[in-house]
Amino acid sequence: MKHTVVTKGQPASRFLPVSREEMEERGWDELDFLMVSGDAYVDHPSFGIAIIARLLEEAGYRVGIMAQPDWKDTESFRRLGRPRLACLISGGNLDSLVNHYTAAKKRRSQDAYSPGGQTGLRPDRATIVYSNKVREALPGVPVILGGIEASLRRFAHYDYWSNKLRRSILLDSQADMLIFGMGERAILDVAKALAAGKAISKITNVRGTMIPWQGETPQGFTELPAFEDISISKLRYTESCMCQYQEQDPYRGKGMLERYVQDRKGVLQNPPTYPLTQEEMDSVYALPYTRTYHPMYEAAGGIPALQEVEFSLVSARGCYGSCSFCAIAFHQGRIVQSRSAESIVHEAEKLTYNPHFKGYIHDVGGPTANFRRAACPAQWKRGACAHRQCLFPEPCGELDADHSEYLDLLRQLRKLPRVKKVFIRSGIRYDVVLADKQSDFLTELCAYHVSGQLKVAPEHVSDAVLKRMGKPGRKVYETFVNRYIQTNRRLSKKQYLVPYLMSSHPGSTLREAVELAEYVRDMGVNPEQVQDFIPTPGTLSTCMYYTGLDPRTSEKVYVPRTQKEKAMQRALIQYRNPANDDLVREALHLAHREDLIGFGSKCLIKPKRTPSETGKQTGKGQLGHPLTLGSQMGKTSATRAKPGGSAKAKPREAAKNAQTKKGSRLKKARAT
């Protein structure tokens, strides 16, 4: 078999044109489609813009890429000329505001999707800015939105960064159409209609598209609460969110209309597009991607985001886990679609001929690594159940949890020449692993596919919070942990679990945050992977954050809103970090858990003492000592629970050594 070597430093001619010069080299005087992206141009199937561009190229269209244009300069949007059919706009692989800001609304220091990680190469709300700029630079050219930013903001939505409801991005961008979800089918249907001479305003019934609308509600469509209603009633907002969530199914979902009465307009969403068949998925990933970034970025050091996926294999899309804080169900859908083993193995073979390949396939997965098929065969006929989840509160009796086919795929990959190791890094659903009674997936996973640490996402341990997250209960995670430990012992392997944890999710008071901190203490782990909950559009959790109500039940939900409380909840999880000492103490006082301040093995942190204090401390906490602003004492980690055991209380020794250890303590805090 002949293999094409895919590597960095490839000639620009192997990429789609990004300049007039590259168009002329192909003999093109005009593009059919101009694609504008907030990301740098990476021709890899993990980047949505690359998939759509190559798909259109395969269909015979001339496609050019305008990556990260200067949005302050109208002329920069004219440099590839006026496209014959349409301009396609995407904010990039991430929502531009998530890309730019942390949960604390602080500017991020790196943009992994820009040359050399440089920031400032795309605007906030990139999709809106680009669309309006194209309208100015290329009047009359149809504008079609796509990508994650457009998809998740297609209806009226709560915007965390402005702390208000915003209209549909389709209206604010003044675009002609929006393609939501995974857009392969929809873009080909729209392209065919445009090429046939049909005006964009007449293309109104393509699945997977949303369009501006001013008429009556079409037959069979559901009318959502109007923007004016959800602006004054949070209960009506939850009803709208829940209806959107329930109708995102290609087989049973209905189209939806959202009106903006004062503006005398609305947005009409057609039903979602049907999922790709396995043959169609295979053809998408067989397109002639160069699998690297355009050579114009070489001098800047390339595109950092490529490093995470360069030697990884996408095996599936879609997720039936349906975690409340995750937007995958709203974007990719709940029905898992997978590539054939033959397609994946063939792609892996090509990877091995890359001179930069060191023998390690970094990942074989998707949104969830061990989801390779629909939750049950019935989903391909009637869709996912409207009012039931596949895994929450416990796995459905119809769930197909057999991992045999996935294991066979992994075995084939392991046997390839030049492959030393095949890792699974995209995370697994441990409740599905436990539900599998047919294959010994965990044994093979631990034996061959863990690089010393396995990533799992319990997110929290409080059942009250897990209920809001739509995640399995604490006992399920503990069962998996015990089985994982037993399996590794049987295999004589020293491998660990890396739990992903989330702070400040709706439903988490300081009481639940302390419960999580105690669990971290008892497990002897020092979690570095802690995600502050970010209310991004398109999730049920964001609806809870904005309304204080669970959209599934209309129950009231506590929401940590202030940056101070969010910082305290995160600090509790990472209480071993000396830089968090003051926040941890304050949180424990507010939660009335002073018993955790002291020198005992169960304490999270030592007391804080003023120079005049000579009071006694016990392992149960502080006695008669209110929160003070005195200097910190001792090395925080010296008397805390250690991995695999407990620390003994040594108050006298800690006090004696306090001054000598203070200097090194401060240096460590600064380094952290």
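The values are calculated or read from the model by the stated rules, or taken from the named source; none is laboratory data. Small disclaimer: the values here were computed from a predicted structure and weren't measured. As a convention, Cβ positions derive from the backbone with ideal geometry for all residues, glycine included, and neighbour counts pool all protein chains shown. Protein only, heavy atoms only, side chains kept; ligands, DNA and RNA dropped before computing areas. Shrake-Rupley method; radii C 1.70, N 1.55, O 1.52, S 1.80 Å.
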What does the extension gain come out to for Cys376 and Ala464, with contour length at 0.36 nm per residue minus their alpha carbon separation?
28.8 nm
How much length, in nm to one decimal, is gained on full extension between Ala199 and Glu555, taken as 0.36 nm per residue of separation minus their Cα-Cα distance?
123.5 nm
How large is the charge dipole for the stretch 166-248, taken about the Cα centre, if only the Cβ atoms of Lys, Arg (+1) and Asp, Glu (-1) carry charge, to the nearest 20 debye?
240 debye
Which log10 I(q)/I(0) values, to two decimals, does the stretch 448-544 give at q = 0.16 Å⁻¹ under the Debye formula with one point per Cα?
-0.72
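May I ask for the Kirkwood hydrodynamic radius of the chain, worked out over all distinct Cα pairs and given in angstroms to one decimal?
Numbers: mean 1/r = 0.0370 Å⁻¹.
Hydrodynamic radius (Kirkwood, Cα only) of the chain equals 27.0 Å.
At a Förster radius of 51 Å, what calculated FRET efficiency corresponds to the Cβ-Cβ distance of Asp522 and Glu228, to the nearest 0.05?
Numbers: r = 51 Å, r/R0 = 0.99.
Efficiency, rounded to the nearest 0.05: 0.50.
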Between 0 and 90 degrees, rounded to the nearest ten: what's the tilt of helix 404-414 against the longest Cα principal axis of the chain?
90 degrees
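Can you tell me the FRET efficiency between Thr479 and Asp172 if r is taken as the Cβ-Cβ distance and R0 is 51 Å, rounded to the nearest 0.05? Write out the running numbers ahead of the final one.
Numbers: r = 47 Å, r/R0 = 0.93.
The formula returns an efficiency of 0.60 here.
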Sort Asp595, Asp532 by accessible area with a 1.4 Å probe, largest first.
Asp595, Asp532
Report, to the nearest 10°, how far helix 563-573 tilts away from the longest principal axis of the Cα atoms in the chain, using its own Cα long axis and a range of 0 to 90°.
70 degrees
Using a 4.7 Å Cβ cut-off, which Cys residues in the chain lack a partner cysteine?
Cys87, Cys243, Cys319, Cys376, Cys385, Cys390, Cys396, Cys446, Cys603
Work from the charge dipole of the chain (Cβ charges, +1 for Lys and Arg, -1 for Asp and Glu, about the Cα centre) and give the residue of Pro69, Phe330, Tyr477 farthest towards its positive end.
Tyr477
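Take every DSSP beta bridge with both residues inside the chain and express the antiparallel ones as a percent of the total, to the nearest 5.
On the way: 22 of 55 bridges.
Within the chain, antiparallel bridges account for around 40 percent of the total.
Quantify how much of the Cα-Cα distance distribution of the stretch 344-492 extends past 26 Å, in percent. It would help to have the intermediate numbers written out before the result.
Values: 3539 of 11026 pairs.
For the stretch 344-492, the share of Cα pairs beyond 26 Å comes to 32 percent.
For the chain, what is the accessible area per residue in Å² when the probe is 1.4 Å?
Values: 28560 Å² over 672 residues.
Accessible surface, normalised per residue, equals 42 Å².
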Accessible area of the stretch 327-370 belonging to carbon and sulfur atoms, whole % at 1.4 Å probe:
52 percent
Give me the distance between the Cα centres of the stretch 292-319 and the stretch 34-54, rounded to whole Å.
11 Å
Difference of contour (0.36 nm per residue) and Cα-Cα distance, His356 to Gln246
35.1 nm
